[in-house]
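What follows is a set of notes on a single structure, which appears directly below.
The values are calculated or read from the model by the stated rules, or taken from the named source; none is laboratory data. Since the structure is predicted, the reported quantities are computational estimates derived from the model, not experimental observations. As a convention, Cβ positions derive from the backbone with ideal geometry for all residues, glycine included, and neighbour counts pool all protein chains shown.
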Amino acid sequence: NKKISNKCLTKNFSKFLKKLIPFVPHIAHECLEQIKETNTNEWPKIEKNLKVEEKIKLAIQINGKTKKIIEVDKDIDENNVLKECLKDKKISEQINEKKIIRTIFVKNKIINYLIK
């Protein structure tokens, strides 16, 4: 449980309200006045140092039947997906026992192994 300071909340709320000015100017200015924000003409700066880590859910199919849905990093490549699949005991047994005829990989969506 992290405590967030009022100053931090006010700063972020101020940025949010400034972005609302083009859409609802009267309400946004009124709210900015309530939190005692005087600089309403300056657009908030973009913070480039913020890192966004995204995870996605990727379906693993064998012969068109979904066997498992795993959570992986966004934009992961096919080789790394295979490594993640082999970490799961159930999937690795089904893939290792048989020959993979074809692999259908749709980035950020699905991987389908056609096995014989």
query = Which members of segment 48-80 meet the condition of being among the basic types (Lys, Arg), part of a strand (DSSP E or B), surrounded by 10 or more Cβ atoms within 10 Å (Cβ to Cβ) and out of contact with any helix residue (DSSP H, G or I) (no Cβ under 9 Å at 6 or more places or on another chain)?
reply = Lys55, Lys57
ask   = What are the residues in segment 19-58 that are without any contact (Cβ under 8 Å) to a residue 24 or more places away in the chain and within 30 Å of Asn112 (Cα to Cα), if any?
value = Val52, Glu53, Glu54, Lys55, Lys57
request  = Please specify each residue of segment 1-33 satisfying the condition of being part of a loop (DSSP other than H, G, I, E, B) and either at pLDDT below 90 or among the hydroxyl-bearing types (Ser, Thr, Tyr) (or both).
outcome  = Asn1, Lys2, Lys3, Ile4, Ser5
Subset of segment 86-116 (residues that are of a type in the set (Asp, Glu), surrounded by 12 or more Cβ atoms within 10 Å (Cβ to Cβ) and without any contact (Cβ under 8 Å) to a residue 12 or more places away in the chain) = none
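Here's the yes/no breakdown for (1) in contact with an Asp or Glu (Cβ under 8 Å, 6 or more places away or on another chain); (2) surrounded by 10 or more Cβ atoms within 10 Å (Cβ to Cβ):
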| residue | (1), (2) |
| --- | --- |
| Phe13 | no, yes |
| Lys18 | yes, yes |
| Ile21 | no, yes |
| Pro25 | no, yes |
| Ala28 | no, yes |
| Glu33 | no, yes |
| Thr38 | no, no |
| Trp43 | no, yes |
| Ile46 | no, no |
request  = Identify the residue in segment 81-99 that is among the basic types (Lys, Arg) and in a loop (DSSP other than H, G, I, E, B) and, among all such residues, is modelled with the highest pLDDT.
outcome  = Lys99
